[in-house]
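Read the structure below first, then the notes.
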Amino acid sequence: MTLLDELVALIAPPRCALCAAPGARAGELLCSGCRRALPWLGEPICARCALPLPHARRRCPAADAAFESACAAVAYEGAARHALLALKFSAARPLADVMAAQIAAAARPLLQPSATLVAVPADPRRRRARGFDPADLIAAALARRTGLPRAAALRRASSASRQLGASREVRRGGANLDFRPRGRPPEHVVLVDDVHTTGATLNACARALRHAGCRRIGAVSWARTLDDCPH
Ligand SMILES: [Zn+2]
Ligand SMILES: [Zn+2]
């Protein structure tokens, strides 16, 4: 902490990046209440799908996935849901920094020096409406924190253009998993997303990268839904 930081902390005590209450300790972005409220994922965790072990359905839902490993910091529940909503609606950079720090701590084995971070691109329509992309904010913060390079190696087709020819079911489901590589991808990619739900989105990204020549693919996300529905 520099002298300037100390002076600023004296005048305006740091506020929690999640609940805005004063009282976050120096060097920490969350107050102790929020840190306690987050549903941390404890060991043992499956290294392929990031779910706590043993698997409820016995079979790992990522057994056939195009990514080899996955990791998340918290379960997508309670305070973690609130934090992600706050990030989605406010582009709160301090919150993205908190999430990146927690991913960096939880996913250390995946974040090797050979890896390039690639954010899962949001649907272009959503990105335009929001003006930013939560996964991209987290990936940028994670790159700053780890020193790993970051590349926009994927693009996502617009759901609007796809829906012209899509079946009714696809339109209703709303899932747009049409990812395309941008040029030749790095050999070793770690995908970055805000939430890992069924894994279908990460898998679609990993498949597109693998087709384009990527050899090693991991996936990190801040939060993980705990129901391991098959995909
Ligand atoms: Zn707080
Ligand atoms: Zn698993």
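The values are calculated or read from the model by the stated rules, or taken from the named source; none is laboratory data. Here the structure is a predicted model, which means the values were calculated and not measured. With ideal geometry, Cβ positions are generated from the backbone for all residues, glycine too; neighbour counts draw on all protein chains shown. Just so you know, the surface numbers come from the protein's heavy atoms only, side chains and all, with ligands and any DNA or RNA stripped out. Shrake-Rupley method; radii C 1.70, N 1.55, O 1.52, S 1.80 Å.
Condition first: more than 15 Å from ligand 2 (Cβ to nearest atom) and over 12 Å from the mean Cα position of the chain (by Cα). Now tell me which residues in the range 59-87 satisfy that. Selection gives 77, 78, 79, 80, 81, 82, 83, 85, 86.
Every residue, every condition in (1) part of a loop (DSSP other than H, G, I, E, B); (2) under 24 Å from residue 183 (Cβ atoms); (3) open to solvent by 30 Å² or more (accessible area, probe 1.4 Å), yes or no:
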{"position": "50", "(1), (2), (3)": "yes, no, no"}
{"position": "56", "(1), (2), (3)": "yes, no, yes"}
{"position": "62", "(1), (2), (3)": "yes, no, no"}
{"position": "73", "(1), (2), (3)": "no, no, no"}
{"position": "86", "(1), (2), (3)": "no, no, yes"}
{"position": "98", "(1), (2), (3)": "no, no, no"}
{"position": "112", "(1), (2), (3)": "yes, yes, yes"}
{"position": "140", "(1), (2), (3)": "no, yes, no"}
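Annotation note: of 71, 34, 60, 46, the sole residue that is within 14 Å of ligand 1 (Cβ to nearest atom) and among the hydrophobic types (A, V, I, L, M, F, W, C) is 34.
The set of residues in the range 114-138 being touching a helix residue (DSSP H, G or I) at 6+ places or on another chain (Cβ under 6 Å) and not in a helix (DSSP H, G or I) consists of 117, 119, 120, 123, 133. Just one of the listed residues (42, 27, 23, 33) is modelled with pLDDT under 90 and within 16 Å of ligand 2 (Cβ to nearest atom), and it is 42.
Among the residues of this structure, residue 125 does not count as one that is at pLDDT 95 or above and either open to solvent by 10 Å² or more (accessible area, probe 1.4 Å) or touching a Cys at 6+ places or on another chain (Cβ under 7 Å) (or both).
May I ask you to verify whether residue 148 is assigned to a strand (DSSP E or B), at pLDDT 95 or above, out of contact with any His (no Cβ under 6 Å at 6 or more places or on another chain) and more than 28 Å from residue 32 (Cα to Cα)? Here the answer is no, as residue 148 does not meet what is asked.
Quick grid of which residues meet (1) open to solvent by less than 30 Å² (accessible area, probe 1.4 Å); (2) among the hydrophobic types (A, V, I, L, M, F, W, C):
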position	(1), (2)
197	no, no
202	yes, yes
208	yes, yes
212	yes, yes
224	yes, no
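Scanning the range 83-99 for residues that are small (Gly, Ala, Ser) and farther than 16 Å from residue 72 by Cα yields 86, 90, 91, 92.
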